[in-house]
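These notes are about the structure you will find just below.
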Amino acid sequence: AKAEGKDTYRYFEASMGAEARDRRVMEHELRQAIARNEFRLVYQPQKEISSGRMVGFEALIRWRHPQRGDVSPATFIPVAEDSGVIIQIGEWVLATACAEAARWKNPLTVAVNVSAVQLHNPNFSRKVHEVLLGSGLSPGRLELEITETALVKDMPRALTTLRQVKALGVRVAMDDFGTGYSSLSNLRAFPFDKIKIDGSFIKSVDSNGQVAAIVRAVLGLGRGLGLPVLAEGVETLGELKFLDAEACEIGQGYYLGRPSPIENFSELTGVTAPT
Ligand code: C2E
Ligand code: CA
Ligand code: CA
Ligand code: CA
């Protein structure tokens, strides 16, 4: 039993070492990825539910690694956050999304995800200002998506930053609503313009009474606070019909449109594929 324990320990040590090594390799590759042009943005439609009218797009990052192929942001964003390289990646996302959106023929909103590490960087609002000036994008067309977990790390700092970006005319949406904690006090304490209900609450909203009750409560909260609510992860007509009947303002999800290269929305944006 003793020998077995020792083997187990050795195995553990080896596998943890390998994992730490993998992360360091990925960190290094992420640092090079911007210069090597390995990142792209795809855009997912956000539509007014009552009319089906397109109101904006969420920019989502994609990484095509020369050997690994496509790596999911769910895999590399946490590594980028832990190592701090998210600051550079986040700036690339912001600058690219604003520059692209400034060229669209319709003045639709572009929503950009902001990580906690970016939000707590004291230069963040200055960077946003620079990017707006550099791109010429009207500030009212930019929406920053911020999760509750990003706020709680340092609430006074987060509040200062949100006030600074709001003063520029940029809008802020609370992302992944319902998955964090103390949501209600955060909604009161921070100057959000929109609530995004997390996709996990939209899945089967039309067939599960408990989920439906939660979504109705969030919609009531939005109405009470005067904030429009966006439902993410809308995958079926049934879910969309439920949301329409409950007067949810905006929807996003595979049923309304998959994240795609902007060329796929050329009728709205005028952007066509390079020839
Ligand atoms: P998120 O901000 O909650 O984004 C929504 C995710 O759900 C996206 O995954 C999107 O492709 C996916 N999705 C959209 N519609 C549906 C649907 O109907 N059903 C299902 N099952 N999924 C749907 P993606 O692009 O893989 O991104 C995952 C997460 O990575 C994002 O979650 C966000 O937290 C992070 N992320 C993505 N791009 C960026 C970025 O540019 N910066 C930062 N900081 N984080 C990003
Ligand atoms: Ca988001
Ligand atoms: Ca989400
Ligand atoms: Ca998220």
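If the requirement is being out of contact with any Gly (no Cβ under 6 Å at 6 or more places or on another chain), within 16 Å of ligand 2 (Cβ to nearest atom) and not basic (K, R), which of these qualifies: A74, A95, A99? Even if it seems obvious, please write down each step before you answer.
Working: A95 fails: within 16 Å of ligand 2 (Cβ to nearest atom); A99 fails: within 16 Å of ligand 2 (Cβ to nearest atom).
Checking each option against the conditions leaves just A74.
So that you can scan it fast, the table gives a plain yes or no per residue for (1) assigned to a helix (DSSP H, G or I); (2) exposed (fewer than 15 other Cβ atoms within 10 Å of the Cβ):
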residue: G180; (1), (2): no, no
residue: S185; (1), (2): yes, yes
residue: S207; (1), (2): no, yes
residue: A217; (1), (2): yes, yes
residue: G220; (1), (2): yes, yes
residue: L230; (1), (2): no, no
residue: G233; (1), (2): no, no
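Can you name the residue in region 187-205 that is farther than 28 Å from D154 by Cα and within 16 Å of ligand 4 (Cβ to nearest atom) and is also least open to solvent (accessible area, probe 1.4 Å) among such residues? Don't jump to the end; show me each part of the working.
Taking region 187-205 as the starting set, the residues that turn out to be farther than 28 Å from D154 by Cα are 202-205.
Right, trim to within 16 Å of ligand 4 (Cβ to nearest atom) and you get 202-203.
On the way: I202: 0, K203: 124 Å².
Restricting to residues being farther than 28 Å from D154 by Cα and within 16 Å of ligand 4 (Cβ to nearest atom), the top hit is I202.
If V131 meets every condition in (1) under 23 Å from I262 (Cβ atoms); (2) in contact with a Lys or Arg (Cβ under 9 Å, 6 or more places away or on another chain); (3) open to solvent by 10 Å² or more (accessible area, probe 1.4 Å) apart from one, which number is that one?
Exception for V131: condition (2).
Exactly one of these conditions fails for D175: (1) within 16 Å of ligand 4 (Cβ to nearest atom); (2) in a loop (DSSP other than H, G, I, E, B); (3) closer than 21 Å to V112 by Cβ. Give me its number.
(2)
Looking at this structure, is S200 hydroxyl-bearing (S, T, Y) and assigned to a helix (DSSP H, G or I)? Break it down stepwise before answering.
Working: hydroxyl-bearing (S, T, Y): yes; assigned to a helix (DSSP H, G or I): yes.
Criteria met by S200.
Determine the pairs where a residue that is more than 14 Å from P139 (Cβ to Cβ) and open to solvent by less than 20 Å² (accessible area, probe 1.4 Å), located within region 100-116, has a partner that is away from ligand 1 (no atom under 16 Å from the Cβ) and in a loop (DSSP other than H, G, I, E, B) with Cβ atoms under 7 Å apart, the partner being 6 or more residues away or on another chain.
Within 7 Å, the pairs are W104/G270; W104/V271.
Suppose we keep only residues that are under 26 Å from E148 (Cα atoms) and either in contact with a Ser or Thr (Cβ under 6 Å, 6 or more places away or on another chain) or in a helix (DSSP H, G or I) (or both) within region 102-122. Which one would you say is nearest to ligand 4 (Cβ to nearest atom)?
Looking only at region 102-122, we keep the residues that are under 26 Å from E148 (Cα atoms), and these are 108-122.
Restricting the remaining residues to those that are either in contact with a Ser or Thr (Cβ under 6 Å, 6 or more places away or on another chain) or in a helix (DSSP H, G or I) (or both) gives 116-119.
Working: A116: 11, V117: 14, Q118: 14, L119: 14 Å.
In this case the residue turns out to be A116.
Would you please name the residue that is farthest from A59 (Cα to Cα), looking only at residues in region 1-41 that are among the basic types (K, R) and modelled with pLDDT under 65?
Here is the first cut: in region 1-41, the residues among the basic types (K, R) are 2, 6, 10, 21, 23-24, 31, 36, 40.
Those still in the list that are modelled with pLDDT under 65 too: 2, 6, 10.
Working: K2: 54, K6: 49, R10: 44 Å.
The selected residue is K2.
The values are calculated or read from the model by the stated rules, or taken from the named source; none is laboratory data. Quick caveat: nothing in here was measured; it's all calculated off a predicted structure. Cβ atoms come from the backbone with ideal geometry, glycine included; neighbour counts cover every protein chain shown. Side chains are part of the model used for accessible areas, which takes the heavy atoms of the whole protein and leaves out ligands, DNA and RNA. Shrake-Rupley method; radii C 1.70, N 1.55, O 1.52, S 1.80 Å.
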